[in-house]
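What follows is calculated from the coordinates using simple rules that are stated; it is not laboratory data. Source: prediction; values computed, not measured. Every residue, glycine as well, gets a Cβ built from its backbone with ideal geometry; the counts of neighbours run over all protein chains shown.
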Amino acid sequence: MRRLLAIALAALATVPVACFDLKTPPCAFSCAQPPHSCPQHYTCGDDGLCYRDGADPTKCPLTPPGDAASDAASDAGADDAR
C-alpha cells in the first residue's frame, strides 16, 4: 500500500511541470552591439533586435535600437546650431 501511495505522489509531482508553457515573445532582446548575438532560438535581425525563429516580425512591439554613433553626431550638430 505504501509503495502505491509513493508512486501516486511521484506521478502527481510531475503534473505541474508537464503543463508548464514558457511564453517566448516574438522579439525581446537587442543585438545591436557586437558580437550581435541572441539567445538560443532567436536570430539577430538587420534592425538590431533578436527575433524568435519562425516568429512574425510584424508582431514585434519593440522599437529597434538607434545607431549610437549617428545619434551622438546629430546631438553634436544640434548643439552647434544653437
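Taking label points 7 Å from Cα along the Cα-to-Cβ direction, L62 and Q40 give a separation of 1.9 nm. Each residue, Q33 and A55, gets one label point 7 Å from its Cα in the Cβ direction; the gap between the two is 2.0 nm.
Remark on L49: its backbone amide H falls under 5 Å from those of C31, a criterion applied only to residues 5 or more positions apart or on other chains, H modelled at 1.01 Å from N. Note on D47 and C19: with the Förster distance fixed at 35 Å, the Cβ-Cβ geometry gives a FRET efficiency of about 0.50.
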